[in-house]
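The values are calculated or read from the model by the stated rules, or taken from the named source; none is laboratory data. It should be emphasised that the depicted structure is a prediction, and the values quoted were computed from it without experimental measurement. Cβ: placed from backbone, ideal geometry, glycine included. Neighbour counts: every protein chain shown. We work out accessible area using only protein heavy atoms, side chains counted, and drop any ligands, DNA or RNA first. Shrake-Rupley method; radii C 1.70, N 1.55, O 1.52, S 1.80 Å.
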Amino acid sequence: MSNYSKQTNWAQFIPLVTVFFFWGFVAASNDILIPVFQKAFNLSQTESMLVQICFYVAYTVGSLIYMIISKSLKQDLINKIGYKNGLIVGLLISAMGTLLFYPAANMHSFPLMISGLFIVGLGFSLQQIVANPLAIEVGPTETGSQRLTMAGGINNLGTTIGPLIVAFAIFGSASAGNTEASIESVKIPYLILGAAFVLVALMLKFSSLPAVTPTNTENTDDSTPGEHRKSAFQYPQLVMGMIAIFVYVGVEVSTASNLPAYMEKNLGFETKDVAPYISLYWASLMIGRWTGAVEAFDVNAGFKKILRFLAPYLAFGVFLLVNAIAKHDLSPFYVYGFIIIAMIICDILSKGNPARMLLIFSLAGITALLIGMFTTGMVSVYAFTSVGLFCSTLWPCIFALAINGLGKHTNQGSGLLIMMIMGGGIVSIIQGYIADITNIHFSYIVGVICFAYLAFYAIRVSGILKAQGIDLDKVSKGNGH
C-alpha cells in the first residue's frame, strides 16, 4: 500500500480516530449495562453475558458477511467502494443498531436490546477492517505506527469515560444517591450515540479522506519464503495466533464483565458505585498502551527511560481527572499508582520483543488473577483490575507475531484474526456459566487458562518464526483493537 501523502494530514486523521473512540466507548459501557439488565430482566450471570456474546460475535458475523460479499463481487468490497464509503456505511449500520434501544426500553425487551448491540457490532466490524489501514494511509509509512498508537490512545479514552457517562445517564451523579437501575434511562444515551455516529459519517463524507482505496501490489510474487503456500491457514503462527486472539479478547472482556457481579454479590457494592472500578480497569489498558507507545517515538535512550515512567502516570492522571469531574471519591484509587510499577517493570524486561512481552505480561496476568482469587475485599478488586494493565499490549504482540511471514496472504490473515474478536463474548459466557455453577470468585480460573495459552503461544511462536528465519527483535507491534 503506497501512501499518497508525505506528511500526516491531521484534517483527515482527526475525524478518522473518532471511530476508535466509539469502539472503546461502547465496549466498556457494556460492562455497566450487564448489571442493569441483570436486575431489570432478572437474569442469571450466564444470561447476562449474552450482552457480550451478541456484541462480540457480531464482529465474526460482520467479517463473514464482508468475505461473502467480496467473493460474490470477485473483488475486495473495500477496494470497490473505497475507504471513505466503507467507514460511512459502517457508522450508519451502527447508528441503526442504537435506534432499537428506544422501542426495546419502552417494551422492556431484553432480546431487542441485545439485537441493537449486535447491529452496532456489525457496523464496528466493517469500521475495524477499514480504519486501521486508513490510519496508516493518511501520512507517511514511517510514522504510521505512531498514528496507530495515538488512535489506540483515543480508543482507551473511550473505554475510560464510557462507563462513567453511561452510569451517569442511568443513575445520575455520584452524589445523587440513586441506586435504582431504570431500563428506560438507557435509551437516551444510546440515541445520542446514534446521532453521533451519523454526525461523524457526515463529517467523513465531506472530509478529504481518499474515496478510492490504494491497492497493495507489492510482494505478489513467490520470491519470499513461504509465498508458495496457497492459504493463510498453512501458516502455524497464524492458526495458533487466531486462538491467541480469541482467548486474549476473551480474558480482557470477561474479567471486566464479571467484575460488577463480584463486587455487588461478594463485597456489597451498589451497582452505581461499580462504574469507577470498571473505568479503572479500562483505563489500565490505556496506562499500559501509553507506556508501550514510548517505543514508537524517535527520542534518545535517556529521555525514553523517563517517558517509560512518565507516560503511565499521565494516563493514570486522565483517569483520576474524569472521575473527579464525575464527583467520585478518588481516595480508593491512589494505591493503584504502586501497582502500575509492576507493569512498568514488565515493560522494561520485555525489551520491545513482542514474543518476550507476550510471555512476561501473560505470566503477570496469571499472577494477578490468582491473587484476586485467593484474596478478598479491595485487594482482590485491585488484583482483578490490574489484569487490564497486563492485557494492554497483548493484542499488538499477538497480531504482529501471527501475520509475520505471511507475505501475500497478510490481508487474509488479518481478516481471520479480526474474526476471532468473538472470543470476548464466548469466553465471557463461559465464565458466567462457571460462576453460576460454582461462584464468581472461582470463575476467574477461566482467565488463568486463557493467559496460560498465551504464554504457551509466546514460546511456541518464537520457535516457528525463528525456523522461518525471522528476527523477533525486528517484529514491530501494531495497534490495540
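Some notes on this structure:
- Flag for residue 415 being closer than 24 Å to residue 461 by Cβ, in contact (Cβ under 8 Å) with a residue 40 or more places away in the chain, open to solvent by 10 Å² or more (accessible area, probe 1.4 Å) and not in a helix (DSSP H, G or I): no
- Options 449, 429, 398, 421; residue that is open to solvent by 10 Å² or more (accessible area, probe 1.4 Å), at pLDDT below 95 and either among the charged types (D, E, K, R) or assigned to a helix (DSSP H, G or I) (or both): 429
- The single residue among 220, 271, 215 that is modelled with pLDDT under 85, closer than 18 Å to residue 45 by Cβ and among the polar types (S, T, N, Q) turns out to be 271.
- Boolean, residue 60 is in contact with a helix residue (DSSP H, G or I) (Cβ under 7 Å, 6 or more places away or on another chain), within 15 Å of residue 117 (Cα to Cα), of a type in the set (S, T, N, Q) and open to solvent by 10 Å² or more (accessible area, probe 1.4 Å): yes
- Residue ranges of helices (runs of 4 or more DSSP H) in the range 5-110 with at least 1 members within 20 Å of residue 197 (Cα to Cα) and touching a Leu at 6+ places or on another chain (Cβ under 9 Å): 10-40, 50-73, 77-81, 83-99, 101-107
- When residues in the range 317-334 are screened for being in a loop (DSSP other than H, G, I, E, B), open to solvent by 70 Å² or more (accessible area, probe 1.4 Å) and of a type in the set (A, V, I, L, M), 0 of them pass.
- Restricting attention to the range 361-395, the residues that are outside any helix (DSSP H, G or I) and open to solvent by less than 20 Å² (accessible area, probe 1.4 Å) total 3.
- In the range 284-296 there is at least one residue matching the filter, namely being modelled with pLDDT of 90 or more and more than 28 Å from residue 465 (Cα to Cα).
- Screening residue 309 on (1) of a type in the set (A, V, I, L, M, F, W, C); (2) open to solvent by less than 40 Å² (accessible area, probe 1.4 Å); (3) closer than 25 Å to residue 394 by Cα; (4) without any contact (Cβ under 8 Å) to a residue 40 or more places away in the chain shows it passes everything except condition (2).
- Hits in the range 247-270 (condition: open to solvent by 10 Å² or more (accessible area, probe 1.4 Å) and in contact with a helix residue (DSSP H, G or I) (Cβ under 9 Å, 6 or more places away or on another chain)): 247, 264, 265, 266, 267, 269, 270
- Note on the range 98-112: among residues that are open to solvent by 50 Å² or more (accessible area, probe 1.4 Å) and touching a residue at least 40 places away in the same chain (Cβ under 8 Å), the one that is farthest from residue 38 (Cα to Cα) is 99.
- Residue tally, condition at pLDDT below 85 and open to solvent by less than 40 Å² (accessible area, probe 1.4 Å), over the range 39-48: 1
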